[in-house]
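Just so you know, all these numbers are worked out from the coordinates, no wet-lab data involved. This structure is a prediction, so every number in the text was calculated from the model and none was measured. Neighbour counts run over all protein chains shown; Cβ positions are idealised from the backbone, glycine included.
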Amino acid sequence: VAASRPDAIAANCGDEKLTYSALDRRSSQLANHLRCRGVLPGTIVGLYVDRSLDIIVGILGILKAGAAYLPMDPVYPKDRLSFMVGDASVSTIVTQSDFAANLTDTGATLVELADCLDESDEDPMLLREASDLAYVIYTSGSTGRPKGVLVSHGNVMRLFDSTDHWFGFDDNDVWTLFHSYSFDFSVWEIWGALLYGGRVVVVPTEFSRS
């Protein structure tokens, strides 16, 4: 989509917008920064950001680096976040400058999105297999300790391949990212838009709670 419709809006949050070309550029910068910091394909990288366009940039950048993402919602208690980081063997976390101080106890290397803007925006173009890990989402832990659920790229693609005949997804669609990106329904909301060249609207926290 970035090549065929670069000026189409990929995502917006309030008055902020990202075209497909801008999303492609910023996510590639993050991916290259992660690769320079030693992130290898197949590893798990934490993502700890607020409800903003950085969610979309962060997820796509981590995937472009060949890694899988672990969503870490800032509303989670510190004990839960520390458990997730340790349980998933996360050594790198992508975050924002305002949140970096909250992660010092994790022992992970912190990558602030603002520090990636000088990196090369060339797409790493790493080839992935359907069986490769795309993300890890932890259960609520209501019956004991939270458990990490491993989801592959093939699982995500199957979700849309198996439902396309119902909805007829296309580039005219506008989706809302209403749920937390730490909840698996967010995968439907984000990729239902981006896989087909549509637009995802990141709903601000105050509206999602109204």
**Prompt:** Which percentage, to the nearest 5, of the DSSP beta bridges contained in the range 77-161 is antiparallel?
**Reply:** 55 percent
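Where in the range 70-151 are there chymotrypsin sites (Phe, Trp or Tyr not before Pro) that are in a DSSP coil and have at most 16 other Cβ atoms within 10 angstrom of their Cβ?
Working: sites: 83, 99, 135, 138; in loops: 99.
Passing both the DSSP loop test and the Cβ count: 99.
Using a ≥ b ≥ c from the Cα gyration tensor of the range 114-210 (square roots of the eigenvalues), is it rounded, prolate or oblate, where a/c under 1.5 gives rounded and otherwise the larger of a/b and b/c decides, a/b for prolate?
On the way: a/c = 1.17, a/b = 1.10, b/c = 1.06.
Rounded is the answer for the range 114-210, as its axis ratio a/c remains below 1.5.
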**Message:** Using the crude model of +1 on Lys and Arg Cβ and -1 on Asp and Glu Cβ, and no other charge, please compute the dipole size for the chain relative to its Cα centre, in debye to 20.
**Reply:** 520 debye
**Prompt:** On the first, second and third principal axes, largest extent first, how far apart are the outermost C-alpha atoms of the chain in Å?
**Reply:** 43, 41, 37
**Message:** Taking just the alpha-carbon atoms of the range 3-72, what radius of gyration and Dmax come out, in angstrom?
**Reply:** 12.4, 35
**Fill in**
Quick numbers on the range 40-101, Rg and Dmax over C-alpha atoms in Å, give 11.1, 29
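Give the percent of DSSP beta bridges with both residues in the chain that are antiparallel, rounded to the nearest 5. Don't skip to the answer; put the middle values down first.
Working: 9 of 28 bridges.
Around 30 percent antiparallel, to the nearest 5.
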**Fill in**
the chain: longest segment with zero exposed GluC sites (Glu not before Pro), where exposed means DSSP loop plus at most 13 other C-beta atoms within 10 Å, is residues 1-121
**Prompt:** How big is the convex hull of the Cα atoms of the range 108-159, per residue, in Å³?
**Reply:** 155 Å³
**Fill in**
Ranking 97, 143, 169 by how far each Cα lies towards the positive end of the charge dipole of the chain (+1 on Lys and Arg Cβ, -1 on Asp and Glu Cβ), the top one is 143
**Item:** For the range 3-11, 3J(HN,Hα) per residue [Karplus equation, 6.51 cos²θ - 1.76 cosθ + 1.60, θ = phi - 60°, Hz, x = Gly/Pro]
**Value:** 7, 8, 9, x, 8, 5, 7, 8, 7
